[in-house]
Amino acid sequence: MIRRLLEEAIEKLPDAYRTIFMLRDVQEMSTTDTANILEITEENVKVRLHRARALLRKDLYSRARTERKEVFNFHAVRCDRVVKNVLERIQKQSLKRKDSESSIQ
């Protein structure tokens, strides 16, 4: 259902914004590459992408018929779990780095 809503919202974008959004956010092209392909300035790419995202956000919020606060409630338990996982990954990477540095010496 969410995918369908997003696809419909993207389809409603003006062509210039939809093209930029697809190249940058879906195809993950760089700003420079997108500008070169479309023969526009990098600044224009950034402005159009910002406007496309704003239009998508506005459309999706209106479709969901909710307030932003309802959509993005703070979920303390989930937040704690995410922070814990991030800290564990950082610790593992730090240990790997120390191990590789000690093996080099």
Among (1) surrounded by 10 or more Cβ atoms within 10 Å (Cβ to Cβ); (2) modelled with pLDDT under 95, the one test that residue 103 misses: (1)
Number of positions in the range 13-41 that are exposed (fewer than 15 other Cβ atoms within 10 Å of the Cβ) and either among the hydrophobic types (A, V, I, L, M, F, W, C) or under 14 Å from residue 56 (Cα atoms) (or both): 6
Sole exception among (1) surrounded by 10 or more Cβ atoms within 10 Å (Cβ to Cβ); (2) not in a helix (DSSP H, G or I) for residue 45, by number: (2)
Meets criteria (modelled with pLDDT under 80, closer than 30 Å to residue 16 by Cβ and either among the small types (Gly, Ala, Ser) or surrounded by 10 or more Cβ atoms within 10 Å (Cβ to Cβ) (or both)) for residue 54: no
Only one of 22, 29 that is assigned to a loop (DSSP other than H, G, I, E, B) and not β-branched (Val, Ile, Thr): 29
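The values are calculated or read from the model by the stated rules, or taken from the named source; none is laboratory data. Quick caveat, the model's predicted, so the values are computed rather than measured. Don't worry about glycine lacking a Cβ; one is built from the backbone with ideal geometry, like all the others, and counts go over all protein chains shown.
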